[in-house]
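Some notes on the structure that comes next.
Just so it is clear, none of the values below were taken in a lab; they were calculated from the coordinates. From a predicted model like this one, the values you see are computed outputs, not experimental measurements. Because the Cβ atoms are built from the backbone with ideal geometry, glycine has one as well, and the counts that use them run over all protein chains shown.
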Amino acid sequence: MISLPVLALLGFAAYRATQLGVHDTILDGPRQRLGLWHAKKVDSRARGFIVQLVSCIYCFGFWLSGLTLLVYLLATDSWGDAPWLVHGIEWFAVAGAQALANRFDDSLGH
C-alpha cells in the first residue's frame with residue numbers, strides 16, 4: 001500500500017494535470033479542435049460525452065488521477081505489491097486529494 005505522503009503527492013500531480021487539461025492556455029488549441037470536432041456532429045452522444053469529460057474538472061480529474069497512479073505504480077514496479085482492490089482505493093484517495101485541491105483553488109476565485 002502507498003504511504004499517505006505519496007498519495008498526497010500523487011493527488012497534487014493529478015491536480016496539476018487536471019488544471020493543464022481543463023484550463024491552461026497551452027492546450028487551448030486541442031480543446032478548440034475538440035469543440036470543432038463535436039460541432040460537426042452535435043447529436044453524437046459519444047462526442048458530447050468526450051467534450052463534457054474534458055471540460056469537467058472532477059470527471060477529467062478522476063481519470064487523470066487513475067492515470068497518475070498507474071504511471072507511479074508501473075514506474076516504481078509496485079503494481080504487484082497490493083491487490084487490485086487496494087489500488088482501487090488508492091485511486092479514490094488520489095482523486096479525492098485532487099478534488100480537494102481543485103475545490104480549494106475554486107474558493108480562491110481562480
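Which order do Val94, Val71 fall in if you start with the one that has the fewest other Cβ atoms within 10 Å?
If I rank by nearby Cβ atoms, fewest first, I get Val71, Val94.
Compute the relative contact order of the chain as a whole-number percentage, counting only Cα pairs closer than 8 Å that sit 6 or more residues apart in sequence.
44 percent.
Which of these, Ser65, Ser55, Ser44, has the largest mean-square fluctuation under a Gaussian network model of the chain (Cα springs below 10 Å)?
Evaluated over the chain, the most mobile residue of the options is Ser44.
Would you mind giving the three semi-axes, in whole Å and largest first, of the ellipsoid equivalent to the chain according to its Cα gyration tensor?
Ellipsoid half-lengths, sorted descending, are 28, 17, 11 Å.
Each residue of segment 8-21 in turn: what ³J(HN,Hα) in whole Hz from Karplus with 6.51, -1.76, 1.60 and θ = phi - 60°, glycine and Pro shown as x?
5, 4, 5, x, 5, 5, 5, 4, 5, 5, 5, 4, 4, x
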